[in-house]
Each structure stands twice: as C-alpha cells, then as structure tokens.
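First comes the structure, then the notes that go with it.
The values are calculated or read from the model by the stated rules, or taken from the named source; none is laboratory data. Treat the numbers as computed from the prediction; the structure is a model and nothing was measured. For neighbour counting, all protein chains shown are included, and Cβ atoms are generated from backbone atoms with ideal geometry for every residue, glycine included.
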Amino acid sequence: MPKPILKWAGGKRQILAQIRGHFPPEEDINSYHEPFFGGGAIFFRETHKDTASINDVNTRLMNFYEIVRERPGELIEILSGFDHPESEPDTSRPYSKQSESGDKIDNYYYQQRELFNRRPRDLAFDEVEEAALLLYLNRTCFNGLYRENQSGEFNVPCGSYTNPDWVQESRIKKASKALKGVEIYNEDFSYIIDQAKEGDLVYCDPPYDPNGEASTFSEYSSGAFGKEEQERLRDVALKLNDKGVNVVISNAPSVGEIYQAFNEDGFRVSRVGAKRSINSDGESRGEVKEVIITNAIEMRERDTHLTEYTF
Ligand SMILES: C[S@@+](CC[C@H](N)C(=O)[O-])C[C@H]1O[C@@H](n2cnc3c(N)ncnc32)[C@H](O)[C@@H]1O
C-alpha cells in the first residue's frame, strides 16, 4: 500500500478509518477528488480508484506530486546527493555563507532553505530540484511543519534528528505508481464544481485550527482560510450536492454550524476524536474534536455507530 511521502499539518492519521467510513463503497464511486490535498493521507492509504483528481493551492506542493508521478528516478537521485542538515554548507553552490538578506548561513539545512526560497526568481528554475528541496526540508525541518511567511518564503527552522531519511525511496516509488493517471491541479478548491460529475466522491480537508476554530492563520501557505472561505466551501458543497456528487468534509466543530440549515438537503454533521501530531502551539497537542460533514447517502443508511452532533 502506498503511504504519504510528506509530513503535513492536518494529516489525518488518527481518524482515517472514521473518514473512510463515511465514503460510499468503492464500487459505487465513479471518480475520487481531493481539492485540499496536502500530504494526501486519505488518497494514499484509503482509496484505490483509477480515476481521480488531486489539487492544492500550494504550487510547490503540486509540482512535487507531478515530479513524483513523472520523474521518480531523477527525484531519488537528487535527494540521494544531499547532505545531512547539520553538515557544513556546500561551497560549490550559492548561499553557502549568507542569505540574500545578509543573515549568516550556519549549516547545510539553511543553505537548502535559502535555495528553495530563491527559486524560481533568482536561479535557473529546475522543477525536479525544487521538488527534492521540498521533501528534504519537510524531512529535516523542525516538527515537519510547512509554513510560509507573508512573502511566501518557507521559514521553518532546522529540526534536530540523528538520522533523518529525506530520500524516502520506497514511498516515492509506490506513490508514483498510485499517481499514474491521476489529474493534478494547482487551483483554488472551486475548480471542483466543474470537475466532479454525478456519482463521484469529493473529500475536502480544508485548513482549520486544531483548537476548534476555523483557521485564522495559515500553516500551509501565505494566504488565510477564515470564516468567509469556510462559507465559500459550503456553497461549493451545495452546488456539488445539486449535481449528485457525494461530498465528505472534515472540519473544526465550530464550522459544523454553517451546514446546520442544510440538513434537509442531506448534509449531516458527526463528531469524531483526533489526536493532532503537528501543531504550531506545542502546548495544545492532544485530543481534539473534529466533525465530518457529509451528504453521502450510503453513510446515512449505515450511520449507526456515530452520534450526530447537535449544536
Ligand atoms: C488540512 S490540509 C490537508 C491535509 C491533508 N488531508 C493531509 O492528509 O495531509 C489543508 C490544505 O488545503 C490547502 N489549501 C488552502 N487553501 C486552499 C484553497 N483555497 N484551495 C485549495 N487548497 C487550499 C493548503 O495548502 C493545505 O495543504
């Protein structure tokens, strides 16, 4: 079975089975779509459809998956040539002494981070190398977090790992096979209105604060995903519902409220428990509640073990 290659905030390891339990049976799904792909935990571990589309607004992330699908061998080769994050910077490459803004470069990790952030603006753009840098930083940065500053620069500090595996050869090869034939997009999630057809399944996992509120900051990219964005997602879900598309959304409990008026349209909200492994606030790890919002007919018929959440 393929596994996610990247560590990604909001990865759904703890509640995979509960989310999967809301999907219609595989044979009843025409195509599968994931508009907020991130690390793709559900896609890689839980779905087996030949026809699928995946999407994320993060451009570097979707370049990464295209390279995994098309050029896995080259990607593995570049990754194999990288050094340990705490080793000396490579003097044959740019930014071995200081960053563009004049900060001292202490080690190989910070040189790699600077190279990642300067492309494609200043250096000849090489999409395979960019994908390699993304995975390298993901596996060696603090907490496996992806975070950008206001200017869209990756700004997570170096992590502390004795023996980090940034090559991930086996996962890349398996993921490459799983992605064959999958359409990869780098759009706003609303692309799904045109993309999904009757009988398809759309699984949405938008950004949200693990403490229970819709996200007011962004862990993933320089944009934010607040209440208005959540309402826009709801409106997209309603359009999909009108088209006969099955929709499953995982979200913060507070967001369940905005679907409350659509019970008659078939939207139900269930509460599930999840342990968050990545959090911007180290203090607030632990069990948090999430909700699953769905119109999937099969689940309404089988929904005996999950309690409906009333607000
Ligand atoms: C909670 S994460 C998804 C995690 C994923 N389920 C996993 O297994 O790793 C949310 C993702 O939505 C993406 N995103 C944020 N705003 C978006 C938008 N307007 N359209 C599409 N994707 C967006 C973020 O870049 C992020 O990767």
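Does ALA175 satisfy being modelled with pLDDT of 95 or more, of a type in the set (A, V, I, L, M, F, W, C), in contact with a Gly (Cβ under 9 Å, 6 or more places away or on another chain) and crowded, with 16+ Cβ neighbours inside 10 Å? Please lay out each step first, then the result.
Values: modelled with pLDDT of 95 or more: yes; of a type in the set (A, V, I, L, M, F, W, C): yes; in contact with a Gly (Cβ under 9 Å, 6 or more places away or on another chain): yes; crowded, with 16+ Cβ neighbours inside 10 Å: yes.
So ALA175 passes the test.
For the range 16-28, what are the residues that are charged (D, E, K, R) and within 14 Å of the ligand (Cβ to nearest atom)?
Pass one, the range 16-28, residues charged (D, E, K, R): 20, 26-28.
Residue satisfying the conditions is ARG20 alone.
Might you let me know whether the range 151-164 holds any residue that is assigned to a loop (DSSP other than H, G, I, E, B), in the same structural domain as PHE116 (by TED's automatic domain parsing) and either within 13 Å of the ligand (Cβ to nearest atom) or modelled with pLDDT under 85 (or both)?
Going through the range 151-164, the residues assigned to a loop (DSSP other than H, G, I, E, B) turn out to be 151-153, 155-157, 159-164.
Right, trim to in the same structural domain as PHE116 (by TED's automatic domain parsing) and you get 151-153, 155-157, 159-164.
Remaining after also requiring either within 13 Å of the ligand (Cβ to nearest atom) or modelled with pLDDT under 85 (or both): 152.
Yes; the residues of the range 151-164 include at least one that is assigned to a loop (DSSP other than H, G, I, E, B), in the same structural domain as PHE116 (by TED's automatic domain parsing) and either within 13 Å of the ligand (Cβ to nearest atom) or modelled with pLDDT under 85 (or both).
Table: residues versus (1) of a type in the set (Gly, Ala, Ser); (2) under 23 Å from GLY38 (Cβ atoms).
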{"site": "VAL68", "(1), (2)": "no, yes"}
{"site": "HIS84", "(1), (2)": "no, no"}
{"site": "SER96", "(1), (2)": "yes, no"}
{"site": "TYR109", "(1), (2)": "no, yes"}
{"site": "GLN112", "(1), (2)": "no, yes"}
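Looking at the structure I just gave you, is VAL255 closer than 22 Å to TRP8 by Cα and modelled with pLDDT under 85? Walk me through it before giving the result.
On the way: closer than 22 Å to TRP8 by Cα: yes; modelled with pLDDT under 85: no.
Answer is no for this residue.
Examine the range 29-47 for a residue that is more than 10 Å from the ligand (Cβ to nearest atom), assigned to a strand (DSSP E or B) and either more than 27 Å from GLY152 (Cβ to Cβ) or in contact (Cβ under 8 Å) with a residue 40 or more places away in the chain (or both), and state whether such a residue exists.
Within the range 29-47, one or more residues are more than 10 Å from the ligand (Cβ to nearest atom), assigned to a strand (DSSP E or B) and either more than 27 Å from GLY152 (Cβ to Cβ) or in contact (Cβ under 8 Å) with a residue 40 or more places away in the chain (or both).
Does SER96 count as over 30 Å from ALA224 (Cα atoms), without any contact (Cβ under 8 Å) to a residue 12 or more places away in the chain and part of a loop (DSSP other than H, G, I, E, B)? If you could, list the steps in order and put the result at the bottom.
On the way: over 30 Å from ALA224 (Cα atoms): yes; without any contact (Cβ under 8 Å) to a residue 12 or more places away in the chain: no; part of a loop (DSSP other than H, G, I, E, B): yes.
No, not satisfied.
Could you tell me how many of the residues in the range 39-52 are out of contact with any Pro (no Cβ under 8 Å at 6 or more places or on another chain) and surrounded by 21 or more Cβ atoms within 10 Å (Cβ to Cβ)? Talk me through it step by step, then tell me what you get.
Going through the range 39-52, the residues out of contact with any Pro (no Cβ under 8 Å at 6 or more places or on another chain) turn out to be 42-43, 46-52.
Remaining after also requiring surrounded by 21 or more Cβ atoms within 10 Å (Cβ to Cβ): 42-43, 52.
The number of residues fulfilling the criteria is 3.
Restricting the search to the range 254-275, which residues are part of a loop (DSSP other than H, G, I, E, B) and touching a residue at least 12 places away in the same chain (Cβ under 8 Å)?
ASP265, GLY266, PHE267, listed by residue number.
Surrounded by fewer than 19 Cβ atoms within 10 Å (Cβ to Cβ), within 10 Å of the ligand (Cβ to nearest atom) and not in a loop (DSSP other than H, G, I, E, B) - does that describe any residue in the range 2-15?
Within the range 2-15 (the criterion being surrounded by fewer than 19 Cβ atoms within 10 Å (Cβ to Cβ), within 10 Å of the ligand (Cβ to nearest atom) and not in a loop (DSSP other than H, G, I, E, B)), the answer is yes, since at least one residue qualifies.
Limited to the range 48-86, what total is found for residues that are of a type in the set (Ser, Thr, Tyr), within 16 Å of the ligand (Cβ to nearest atom) and outside any helix (DSSP H, G or I)? It would help to see each step written out before you state the result.
Taking the range 48-86 as the starting set, the residues that turn out to be of a type in the set (Ser, Thr, Tyr) are 51, 53, 59, 65, 80.
Among the residues that remain, those that are also within 16 Å of the ligand (Cβ to nearest atom) are: 53, 59, 65.
Still in the list and also outside any helix (DSSP H, G or I): 53.
The qualifying residues number 1.
So TYR208 fits all but one of (1) hydroxyl-bearing (Ser, Thr, Tyr); (2) within 15 Å of the ligand (Cβ to nearest atom); (3) buried (at least 16 other Cβ atoms within 10 Å of the Cβ); (4) at pLDDT 95 or above; what number is the exception?
Condition not satisfied by TYR208: (4).
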